[in-house]
């Protein structure tokens, strides 16, 4: 039985950490955009858009809360 290469393990770990960082940044950018779009929906009194956007924001925030425990 061959032992996994240390460098391969480090590369896999670095890849996973990179994916986590990218995922968090993407969520952060989307949340920022959602806040702006929600403000626009409120200004335009667009209830349908407001409800859709706030539902998406709640999903992201729920996911983030479950991620941190």
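Throughout, read-outs are computed from the coordinates displayed, never taken from laboratory work. Every value quoted in this text rests on a predicted model; they were computed, and no experiment measured them. In this analysis, Cβ positions are derived from the backbone assuming ideal geometry, glycine residues included, and neighbour counts consider all displayed protein chains.
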Label-point separation, residue 13 to residue 32 (7 Å along Cα→Cβ), nm:
3.1 nm
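What share of Cα pairs, in percent, lie more than 15 angstrom apart in region 28-69? Could the numbers behind the result be given before it?
On the way: 354 of 861 pairs.
The proportion of pairs with Cα distances above 15 Å equals 41 percent.
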Length gained, residue 22-residue 63, 0.36 nm per residue minus C-alpha separation, equals 13.2 nm
